[in-house]
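Colleague: Okay, here's the structure, questions in a sec.
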Amino acid sequence: NVLHDDEAASVLDLYGEYCRGETNEDELHAAVGNRGYNCSFFRTGWKWAATKPNVKVVLTTRDAEKWADSWLVVAPLSIYVTQRPYRWIKSLQAVVPNIYERMREVPTGGHPEKFFDRDGL
């Protein structure tokens, strides 16, 4: 049972615990599994997955131009989570640093100022 983005709120507390360093990756995935999910899109890292013989990782490739176009549609999310009313949600605020990393640092190769710059992606 895949944990889709629109269901992430149901495990936001677990993501928050992980992002605050209260749990490790094993505990995060076990807790998500206890809620009925066996697959999530939460970025934990290939190094963790490589140590788990029963974990399967799906690597996909997309046309770079199409990916950039779709990315620019969702990129504002990293701003929205810091504004009202979302900044009032404590469980969401715990994962804001992870959202920032996933949405600004990773796609731009460590140049977060370029996350709205199509050529910087």
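The values are calculated or read from the model by the stated rules, or taken from the named source; none is laboratory data. Note that the structure is a prediction, hence the values are computed from the model and not measured. Methodologically, a virtual Cβ is constructed for each residue, glycine included, from the backbone with ideal geometry; neighbour enumeration extends over all protein chains shown. Ligands, DNA and RNA are excluded from the accessible area calculation, which covers all protein heavy atoms including side chains. Shrake-Rupley method; radii C 1.70, N 1.55, O 1.52, S 1.80 Å.
Colleague: Please check: in the Gaussian network model of the chain (C-alpha springs, under 10 Å), which one of 20, 62, 87 has the largest mean-square fluctuation.
Modeller: Ranking 20, 62, 87 by mean-square fluctuation puts 62 first.
Colleague: Hey, another quick one. Could you let me know the centre-to-centre spacing of the range 93-118 and the range 1-55, using Cα atoms, in angstrom?
Modeller: Value for the Cα centre distance between the two parts: 20 Å.
Colleague: For the charge dipole of the range 30-121, defined by +1 on Lys and Arg C-beta atoms and -1 on Asp and Glu C-beta atoms about the Cα centroid, which residue among 116, 99, 33 has the Cα displaced farthest towards the positive pole?
Modeller: Positive-most Cα among the choices belongs to 33.
Colleague: Averaging over all projection directions, find the projected area of the Cα convex hull of the range 1-76 and quote it in nm² with one decimal place.
Modeller: If you wrap the Cα atoms of the range 1-76 in a convex hull and average its projections, you get 6.2 nm².
Colleague: When ligands, DNA and RNA are left out and all protein chains stay put, how many square angstrom of accessible area per residue does the chain have with a 1.4 Å probe?
Modeller: Heavy-atom accessible area per residue stands at 69 Å².
Colleague: Along each of its three principal axes, how wide is the spread of alpha-carbon positions in the range 15-121, in whole angstrom units, largest first?
Modeller: Principal-axis extents of the range 15-121 (Cα, largest first): 38, 36, 23 Å.
Colleague: Please report, as a whole percent, how much of the solvent-accessible surface of the range 20-121 comes from carbon and sulfur atoms (probe radius 1.4 Å).
Modeller: C and S fraction of accessible area: 55 percent.
Colleague: Give me the lysines in straight-line cross-link reach of residue 56: C-alpha distance below 19 Å, same-chain residues under 8 apart excluded.
Modeller: 47
Colleague: Also, quick follow-up: Relative contact order for the range 25-121: what percent, with Cα pairs under 8 Å and sequence separation of 6 or more?
Modeller: That works out to 18 percent.
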